[in-house]
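None of the figures in this text is laboratory data; all of them are computed from the coordinates on show. Only a predicted model underlies this, so the values are computations on that prediction, with no experimental measurement involved. Here the Cβ positions follow ideal geometry from the backbone for every residue, glycine too, while neighbour counts run over all protein chains shown.
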Amino acid sequence: MKTSASGWLAAIATCVALGSASATAQAPAPSAAAAPHVAAAKAAAGQDHALLFNQLCTPPPASTPAPPTGAAPAAGPPPRAQWHAEPAKVFDNLYFLGMTEYSAWAVTTSDGIIVIDPLFDYSVEDEVVNGLTKLGLDPKRIRYVLISHAHTDHVGGARLLQERLGAKVVMSAADWDLVATDTASYPKPKKDVVAVDGQKLTLGDTTLTLHMTPGHTLGTISTIIPVKDNGRAHTAMLWGGTNFNWRNNGGARYITPDRPATFWYQNYSSSARKMKDVAAKAGADVLLSNHSNYDGTKTKLPALTKRVAGAPHPYVVGNASVGRFLTVADECAKAGPLW
C-alpha cells in the first residue's frame, strides 16, 4: 500500500465510504431498547467520529459465519508493501511509528523513549527500530514498552525490544495472564512491569498516567500523555482498545467462555465513561488510537506535512471532541446487547 499523503487520503476515503454504506444500507434498525443509545452515539459522533460509530453501533452477527472455503492463506507475514507506513514526528515529543492500519507511538523524554504498542513481531524492527533511526532518534534509548492490550497486533513486537534493547515491558496483570495463555505463535515477552490503575510512569521529565479500562480485554490500559507543539503544552488521551472483539471469530481466543457478551459490553461502557471523566479532568485535547482509522491519523499525518506556521495542529481536536469519542464508545456498548 502506498504511504504517501494521497495514499492515506484514498485509504480513509474508502473506509468512510464502506463504513457509511454498511451502516446505512445493510444494518437493520435497532430495537426500541437500543435505539436511544444508537441515536445518542450518532449525535456525539458527528463527522469526526463517524468511523467509530459505524464500527461499534452495528448489530451483533446473527450467527457465527462459516469459515471461508478455498485455498488456505499463505504462511508467514503479509508483504511489506501491504502494511508499511513511514514514521513521522507528530508533536515535539511524540512520534508515529505505526503501520497503515496499526499505530505505534514513541514518547521522547529527557531520559529516553517510551514506546506504546510495538506492533507485530514481523513489523516491529521495520517500523519501530528503523523508524526511530529514520527520525534521527536512537532505538537504544527505549526504556519502556507500554502495551495497551495483549493482542498480537500490539504486543507481538515487545519481545524484540525487551531482549535486544533491554526495554522494560509494562502491561496490566490481566493482560500478562492473557499473554501467558495465548496460543498464538509469536515471541512472548517475559513478565516485567505490572501496571496498576492510576499508575504514573515517569521517565526523565515526562509522566504518563495509566488507567485500567477493561472491555476490549480484561486488562486494557488507556493513557494520558503530555505532549508539546512548538513548546505549547497539550494533553493526549490514547484509548486502549476499540472493537467489540467478543462478537467475531477474530477475537474469540481472547475471550473467556465463562463470561457472557453482556459482561464485556458492560465493562466497555463503564470504562468509556470512566475515561471520559479522566480526560475531562486532565483537559485532554488530543485524541490518539492504536488503530489509524479511529483518530484520523490517515488524514492528519498528511495535513501535518502541509501545516504552515501558526496554523492549528491537526491532532489538537479539543476536549469536547475527545469526550464525544468516548460517548460514542459508551452509548454503542450500551446498545450492543439490546439490538
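Rounded, prolate or oblate: which fits segment 201-339 when a ≥ b ≥ c are the square roots of the eigenvalues of the alpha-carbon gyration tensor, with rounded for a/c under 1.5 and prolate only if a/b beats b/c? Let's see the in-between values first.
On the way: a/c = 2.18, a/b = 1.83, b/c = 1.19.
Prolate.
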Between I142 and residues 5 or more places away or on another chain, the pairs with built amide H atoms under 5 Å apart involve I113
Projected label distance in nm at K134 and S270, using a 7 Å step from Cα toward the beta-carbon: 4.2
Using the basic label-point model (7 angstrom from Cα toward the beta carbon), what is the A280 to K228 distance in nanometres? 3.0
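By its C-alpha gyration tensor, with a ≥ b ≥ c as the square roots of the eigenvalues, how is the chain shaped: rounded for a/c under 1.5, else prolate for a/b larger than b/c, else oblate?
The shape class here is rounded.
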Label-point separation, T305 to D111 (7 Å along Cα→Cβ), nm: 3.7
Which pairs in the list K42/K298; K89/K190; K200/K298; K190/K228 are over 28 Å apart, alpha-carbon to alpha-carbon? K89/K190; K200/K298; K190/K228
What's the percent breakdown of Cα-Cα distances in segment 158-203 across 10 Å bins, shortest bin first? 26, 51, 22, 1
What is the magnitude of the charge dipole of segment 143-183 about its Cα centre, with +1 placed on the Cβ of each Lys and Arg, -1 on the Cβ of each Asp and Glu, and no other charges, expressed in debye to the nearest 20? 280
For segment 85-216, take the convex hull of the Cα atoms, compute a quarter of its surface area, and give me that in nm², please. 7.4
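Evaluate E = 1/(1 + (r/R0)^6) for D258 and A75, where r is the Cβ-Cβ distance and R0 equals 22 Å; express this FRET efficiency to the nearest 0.05.
Once the sixth-power term is evaluated, E becomes 0.10.
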In deg cm²/dmol, rounded to 500, what helix-only [θ] at 222 nm does the chain give when every DSSP H run of at least 4 residues adds -39500 (n - 2.57) and the total is split over its residues? -10000 deg cm²/dmol
When the charge dipole of segment 188-273 is computed with +1 on Lys and Arg Cβ and -1 on Asp and Glu Cβ about the Cα centre, the Cα farthest towards its positive end, among T217, S269, A233, belongs to T217
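Could you give me D for segment 201-283, from Stokes-Einstein at 25 °C and 0.890 mPa s, where the hydrodynamic radius is the Kirkwood radius over C-alpha pairs? Units µm² s⁻¹, please.
Diffusion coefficient, whole number: 173 µm²/s.
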